[in-house]
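Notes for the one structure printed next.
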Amino acid sequence: LSCEGMVGMAIGTRPDCVDETRLDLIASYTGEYLVWLEYGLQSVHDQTLELINRHHTFADFIKAIRMTQERKINTCAHIILGLPGETRRMMLDSARVLADEGVNGVKIHLLYVIRGTKLAHMWEQGAYTPMEQAEYVDTVCDFLELLPPQMVIQRITGDPHLDELLAPQWAGRYRETFNMIQQVLEDRDTCQGRKYPI
């Protein structure tokens with residue numbers, strides 16, 4: 001923040017890595033700067049969090065979000081669509097929960113397979129199948145409909161390094177996916193917040 005022209009900061013962390021002291025320090029900057037605290041949630045389902053080895057629970061996320069909101073710090077949650085074992089309904093449950101918890105922003109990521117990872121091994125063994133592009137686009141549109149209209153959508157898909165990407169290959173075509181999401185929203189005559197409770 002000592003750099004000339006700096007207007008704010010976004011801090012990314014895990015929900016199990018904050019406490020009162022750290023949050024008080026971060027809150028001390030909110031009077032002069034735009035401050036966001038981003039939590040890597042990934043899913044609201046504990047069985048998924050355990051499967052992907054997150055070492056935190058959904059309850060950890062709720063505790064962190066509430067402590068952060070008490071200090072008037074903007075909150076953003078990272079969600080991954082296409083996690084192993086998750087159905088479309090489970091993914092949309094994540095949207096409903098984020099809407100109910102009053103999170104200020106969300107970053108939506110696609111799960112893609114990167115070389116040298118446990119997921120790559122699962123994919124090579126046929127134990128994991130990535131989402132198809134059209135399936136992802138439809139799920140994102142459903143997800144957006146459930147979020148409050150004022151929630152900031154900070155990201156709408158992943159952006160992998162192409163030299164590391166194994167699957168799905170369409171994940172490397174960010175602009176194409178983004179344009180497809182816009183087109184499906186237009187075709188459905190829908191938008192973010194369309195199915196959010198009033």
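Laboratory data are not the source of any read-out in this text; all were calculated from the coordinates shown. This structure is a prediction, so every number in the text was calculated from the model and none was measured. Neighbour counts run over all protein chains shown; Cβ positions are idealised from the backbone, glycine included.
Data overview
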{"item": "Convex hull of segment 45-108 built on C-alpha atoms - directionally averaged projected area, nm²", "result": "4.2"}
{"item": "Projected label distance in nm at R188 and R89, using a 7 Å step from Cα toward the beta-carbon", "result": "1.8"}
{"item": "Point-to-point label distance, M6-R71, nm (Cα→Cβ direction, 7 Å offset)", "result": "1.7"}
{"item": "Other-chain or far-sequence residues with amide H under 5 Å of V113's (modelled H)", "result": "L166, A167"}
{"item": "Principal semi-axes in Å for segment 1-154 [√(5λ), Cα gyration tensor, largest first]", "result": "30, 17, 15"}
{"item": "Loop-located chymotrypsin sites (Phe, Trp or Tyr not before Pro) in segment 1-102, at most 15 other Cβ atoms within 10 Å (DSSP)", "result": "Y29, Y33"}
{"item": "Calculated [θ] (222 nm, deg cm²/dmol) that DSSP helices of n ≥ 4 give over the chain, each run adding -39,500 (n - 2.57)", "result": "-12000 deg cm²/dmol"}
{"item": "Karplus-derived 3J(HN,Hα), 6.51/-1.76/1.60, for each residue of segment 74-83, Hz, glycine and proline x", "result": "4, 10, 9, 10, 9, 10, 10, 9, x, 5"}
{"item": "Gaussian network model of the chain, springs between alpha carbon atoms under 10 Å - residue of R188, R54, R173 with greatest fluctuation", "result": "R188"}
{"item": "Dipole moment magnitude, nearest 20 debye, the chain about Cα centre, only Lys, Arg, Asp, Glu C-beta charged", "result": "100"}
{"item": "Non-local Lys pairs in the chain, i.e. 8 or more apart or on different chains, that have alpha carbons under 21 Å apart", "result": "4"}
{"item": "Segment 1-62: translational diffusion in µm²/s, Stokes-Einstein, Kirkwood Rh over Cα pairs, 10 °C, 1.306 mPa s", "result": "120"}
{"item": "Distant-in-sequence amide H partners of G8 (H built 1.01 Å from N, under 5 Å)", "result": "L34"}
{"item": "Full-extension gain in nm, N179 to Q150, via 0.36 nm per residue minus C-alpha separation", "result": "8.3 nm"}
{"item": "K195 long-range amide H proximity, modeled H, under 5 Å", "result": "L146"}
{"item": "Using θ = phi - 60° and Karplus 6.51 cos²θ - 1.76 cosθ + 1.60, couplings along segment 4-12 (whole Hz; Gly, Pro as x)", "result": "4, x, 5, 10, x, 8, 10, 10, x"}
{"item": "Gaussian network model of the chain, springs between alpha carbon atoms under 10 Å - residue of H161, H56, H45 with greatest fluctuation", "result": "H161"}
{"item": "For the chain, built as a Gaussian network whose Cα springs stay under 10 Å, the top-fluctuating residue of A127, A77, A27", "result": "A127"}
